[in-house]
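A.B. asks: I am attaching a structure below and will ask some questions about it afterwards.
The values are calculated or read from the model by the stated rules, or taken from the named source; none is laboratory data. Small disclaimer: the values here were computed from a predicted structure and weren't measured. Here the Cβ is made from the backbone with ideal geometry for all residues, glycine too, and neighbour counts use every protein chain on show. All accessible areas refer to the heavy atoms of the entire protein, side chains included, with ligands and DNA or RNA removed. Shrake-Rupley method; radii C 1.70, N 1.55, O 1.52, S 1.80 Å.
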Amino acid sequence: MVWIMSLPSGFGEFWPDGEFEDGDKPQVIGWDGRLKDYITALPVDRQKELMPVGDVTRYGYFVSLKYIREVGTTVAPDLPPITPVMDQEAPRSFNASKSYKQLGDLIMLNDRILAVSEDMRAIIEALDGGAHQFFPIDIVMPRSIYPKTFFTFVVTNYRNSYIDINGVMPKLAPGERYNFSKVTKGDAVQSHFQKVAFDGAHVWRERLFNEFIIMFSNEFVDCVQNAGLSMPKIYQAKEIV
């Protein structure tokens, strides 16, 4: 059994409104500014290692793409291929614009970057065996830090298991992806995934889908539900041999 989830489309418990490292305040440089300062202070040869092509002032944007695109892929001709996120590149805080009484255990932050609670991270790590990247981040409310420990989450499992058995999807040119951002229960029912192609992955993205769509194994969903953790709405899709 396979489960499919689309990222939340409105602010709330699964998508808090805010900004990384207080970047919406004029007197604060924010995450993007910190990364620009970091790379421009480095020797030129080290700058070239981090950004072998492209303007170094786009380094912050490039780092944000590392969270949502597969390592080794080229997103734009004026940017280098995607590399893993480094410790110093990860955002350190997310400053919410208001206080939230409850946040989910899997949430989206700005730039379609995912974050998970410590309990959710433990389940992912237990099932996917160190495949993904996690970096601690404080969720800062106007008057306090959210009590749960969160980690930004880089999904590093990518698969080619989707098969359009019913011919419901538009034809793609070579190298293209489906660019829809929302999956309904009806969409999920018509979606088929070949087990041999995703076997061994419990949280993954399909290469034919964009970053708005995430897949989960039945084992993962069972663990999340048994632990009483919360995440955006998921729908059951079809698993085929």
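A.B. asks: Mind checking whether some residue in the range 118-131 is in a strand (DSSP E or B) and modelled with pLDDT of 95 or more?
C.D. replies: The answer is no, given that none of the residues of the range 118-131 is in a strand (DSSP E or B) and modelled with pLDDT of 95 or more.
A.B. asks: Counting just the residues of the range 35-59 that are of a type in the set (Asp, Glu) and assigned to a helix (DSSP H, G or I), which one comes out most open to solvent (accessible area, probe 1.4 Å)?
C.D. replies: 49
A.B. asks: Name the single residue that is nearest to the chain's Cα centre (by Cα) among those in the range 60-80 being assigned to a loop (DSSP other than H, G, I, E, B) and of a type in the set (D, E, K, R).
C.D. replies: Among residues in the range 60-80 that are assigned to a loop (DSSP other than H, G, I, E, B) and of a type in the set (D, E, K, R), the one nearest to the chain's Cα centre (by Cα) is 69.
A.B. asks: Also, I was wondering about something else. Contact list please: Cβ distance under 7 Å, first residue in the range 43-64 and under 15 Å from residue 32 (Cβ atoms), second residue open to solvent by 70 Å² or more (accessible area, probe 1.4 Å) and modelled with pLDDT of 95 or more, pairs at least six apart or on different chains.
C.D. replies: Within 7 Å, the pairs are 56/40; 57/36; 59/36; 60/36; 64/111.
A.B. asks: Also, quick follow-up: Pull up the range 126-171, narrow it to residues that are among the polar types (S, T, N, Q) and over 27 Å from residue 21 (Cα atoms), then point me to the one that is least open to solvent (accessible area, probe 1.4 Å).
C.D. replies: Restricting to residues being among the polar types (S, T, N, Q) and over 27 Å from residue 21 (Cα atoms), the top hit is 161.
A.B. asks: Condition (residue is farther than 28 Å from residue 142 by Cα, open to solvent by 10 Å² or more (accessible area, probe 1.4 Å) and of a type in the set (Gly, Ala, Ser)) applied to the range 78-101: is it met by at least one residue?
C.D. replies: No: zero hits.
A.B. asks: Name the one entry in 225, 236 that is assigned to a strand (DSSP E or B), surrounded by fewer than 16 Cβ atoms within 10 Å (Cβ to Cβ) and either on the phi < 0 side of the Ramachandran plot or at pLDDT 95 or above (or both).
C.D. replies: The conditions single out 236.
A.B. asks: Of (1) buried (at least 19 other Cβ atoms within 10 Å of the Cβ); (2) closer than 22 Å to residue 227 by Cβ; (3) touching a strand residue (DSSP E or B) at 6+ places or on another chain (Cβ under 8 Å), residue 123 satisfies all except one. Which?
C.D. replies: Unmet for residue 123, out of (1) buried (at least 19 other Cβ atoms within 10 Å of the Cβ); (2) closer than 22 Å to residue 227 by Cβ; (3) touching a strand residue (DSSP E or B) at 6+ places or on another chain (Cβ under 8 Å): (3).
A.B. asks: Here's something else I'd like to know. Starting from residues that are surrounded by 13 or more Cβ atoms within 10 Å (Cβ to Cβ) and farther than 28 Å from residue 105 by Cα, keep the ones in the range 15-34 and report whichever is modelled with the highest pLDDT.
C.D. replies: 33
A.B. asks: Checking residue 83 against (1) within 14 Å of the chain's Cα centre (by Cα); (2) under 29 Å from residue 199 (Cα atoms): exactly one of these is not met. Which one?
C.D. replies: Only one criterion in (1) within 14 Å of the chain's Cα centre (by Cα); (2) under 29 Å from residue 199 (Cα atoms) is unmet by residue 83, namely (1).
A.B. asks: Can you find a residue in the range 173-183 that is open to solvent by 60 Å² or more (accessible area, probe 1.4 Å), farther than 25 Å from residue 64 by Cβ, modelled with pLDDT of 95 or more and not small (Gly, Ala, Ser)?
C.D. replies: Within the range 173-183, none of the residues are open to solvent by 60 Å² or more (accessible area, probe 1.4 Å), farther than 25 Å from residue 64 by Cβ, modelled with pLDDT of 95 or more and not small (Gly, Ala, Ser).
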